[in-house]
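The values are calculated or read from the model by the stated rules, or taken from the named source; none is laboratory data. On a predicted model such as this, the values are computed, not experimentally measured, just so you know. Here Cβ is always computed from backbone atoms with ideal geometry, including for glycine, and neighbour counts include all displayed protein chains. Heads up: the accessible areas ignore ligands, DNA and RNA and are worked out on the full protein's heavy atoms, side chains in. Shrake-Rupley method; radii C 1.70, N 1.55, O 1.52, S 1.80 Å.
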Amino acid sequence: ARRASVRPEFWAVCLAIAFLAAPAVAREDDPRAKANTSRAAREEALRALPLARLDRDARAKASTVIKNLSIYRRLPVQTIDCDPELYAFLMRNPEVVVNLWQVMGITKMQLDRVDPAHYKVADGEGTKGQMEYLFTSGNVNVIYSEGTYDGPLYPRTVRGKCLMLLRSDYRRGANGRYTIVTQLDTFLAV
């Protein structure tokens, strides 16, 4: 039952949006190439959250997830060969990524902008919710989502809240091309 409560694809979809569907290129022997659920990683991620820079409402949402934490997971580091301006545009407009996936026929997901920081999300498989950017800067994004899952994997409605910390590092290679290294920490309260 616990595994089924984690399955709702809404959270995975939010993470995919944050990663902009980027392939991982970290080497297998690199510890960053593996997901991490350790206490040390969780504590480091909590220290990195810019809670003092959030307004009272955003800080309350983040604190609710942290205080009621069911699952913490640091996803593998992702490296993206991408122009920083394009990456920033896609981070500000995640519905563009979802629309591209729809055109390609690879998703049933719907992501509709409500206002500059809020979105309605449905994965087409029983998960619905809202997503919002609590904080954005050049290299740090804090994303909050809450939603429900009603589907065949769990006999009753599952409710959850998720807080995501996405950190990005922009690097320019000797060839002049940019790579963006991203790390995503997720906090889930189910």
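Data for the structure
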quantity	calculated
Accessible area (Å², 1.4 Å probe, nearest 10) - Arg113	90 Å²
Dipole magnitude (debye, nearest 20) for the range 62-190, charges at Cβ of Lys, Arg, Asp, Glu	340 debye
Protection proxy ranking of 179-187, 82-90, 164-172 - average other beta-carbon atoms within 10 Å, highest first	179-187, 164-172, 82-90
Å² per residue, accessible surface of the range 57-190 at 1.4 Å	51 Å²
Alpha-carbon centroids, the range 120-190 and the range 82-112: separation in whole Å	13 Å
Most positive-pole-ward Cα, Leu69, Val158, Gly105, against dipole of the range 59-176 from beta carbon charges	Leu69
Proximal lysines to Lys120, defined as alpha-carbon separation beneath 20 angstrom and excluding residues fewer than eight positions away on the same chain	Lys61, Lys108, Lys128, Lys161
Computed magnitude of the charge dipole of the range 32-105 (debye, nearest 20; Cβ of K, R +1, Cβ of D, E -1)	600 debye
